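First up is the structure itself, then whatever we jot down about it.
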Amino acid sequence: MPPKRKYLFVSIAIILFIGLTVVFKPDLLLSGRMLYSLGLNKYNTSDHGDYYDDDKIKSAAWYFEKAIGKGLKTRDVFDKLALCYLVLDDERNADRAFTMGLEYFPKDAEFYFYRGNSRKEIKYFKGALADYSAVIEVQPTFEYISDAYYYRGAMSYLLGDTIRAETDRIIAQKGKDHELRTYADYCQLFK
């Protein structure tokens, strides 16, 4: 076989290999930043205003997971990954994504708050209580601070501490313009 022809076949094989790898196993060749960009594109195009395209959200989550695996540890990648799981009603993986984010951003009140919400939904009440307490400690001026107090009180109520629960409900009430539900009523959602 002439050298030029051999070179052509080798070049075609390399291009084909790279092309197939990018299509079927992009995490092998692409950087964490590139994987994140692909995930962000899937995430953004999945949002149709009143609903999300679940297949695109699942794909976005896959890309975000791979980006983290490749070493990308920005706040946004953890946030978007957790949001994907929340859209998919996968509270356990949302909890895991927020937990990963908190390893790198241990003072992030928003991550604590939303992880607390996920933990509340999976009935991990002690963990949710700790997260809402962390929100109050880390950022007392947090946008949803009265909600953090209310939910912390709910977790206390579910764990049997009705005195602390009522104290938190009174504090939470100060930030609201409507009467908050009693914990006897609200906590029926978790039994």
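What are the ³J(HN,Hα) values, in whole Hz, obtained from phi via the Karplus relation 6.51 cos²θ - 1.76 cosθ + 1.60 with θ = phi - 60°, for each residue of region 119-128 in sequence order, with x given for Gly and Pro?
In residue order, the calculated couplings are 5, 4, 5, 8, 6, 9, 5, 5, x, 5 Hz.
Would you mind checking LYS70/LYS107; LYS42/LYS174; LYS73/LYS120 for any pair whose Cα atoms are more than 32 angstrom apart?
LYS42/LYS174
Along region 181-189, what does the Karplus equation 6.51 cos²θ - 1.76 cosθ + 1.60 (θ = phi - 60°) give for ³J(HN,Hα), rounded to whole Hz, x for Gly and Pro?
5, 5, 6, 4, 7, 4, 6, 4, 4
Non-local amide H neighbours of THR74 (under 5 Å, H modeled in plane, Pro and chain starts lacking H): which ones?
none
Let me cross-check GLU179: its accessible surface, 1.4 Å probe, with only protein heavy atoms counted, in Å² to the nearest 10?
Here the residue's solvent-accessible area equals roughly 140 Å².
Among 106-114, 44-52, how do they line up from the highest to the lowest mean number of other beta-carbon atoms within 10 Å?
Working: 106-114: 20.4, 44-52: 11.1.
With the highest mean Cβ count within 10 Å placed first, the list reads 106-114, 44-52.
Express the relative contact order of region 29-106 as a whole percentage, based on alpha carbon pairs under 8 Å and six or more residues apart in sequence.
Numbers: 90 pairs, mean separation 22.2, N = 78.
Averaging sequence separation for qualifying contacts and normalising by length gives 29 percent for region 29-106.
Would you mind calculating the relative contact order of region 107-190 from Cα pairs under 8 angstrom and at least 6 residues apart, reporting the percent as a whole number? Show your work: numbers first, answer last.
Numbers: 101 pairs, mean separation 20.4, N = 84.
It comes to 24 percent, rounded to a whole number.
The values are calculated or read from the model by the stated rules, or taken from the named source; none is laboratory data. Quick caveat, the model's predicted, so the values are computed rather than measured. With ideal geometry, Cβ positions are generated from the backbone for all residues, glycine too; neighbour counts draw on all protein chains shown. Keep in mind that these areas ignore ligands, DNA and RNA; they rest on the heavy atoms of the full protein, side chains included. Shrake-Rupley method; radii C 1.70, N 1.55, O 1.52, S 1.80 Å.
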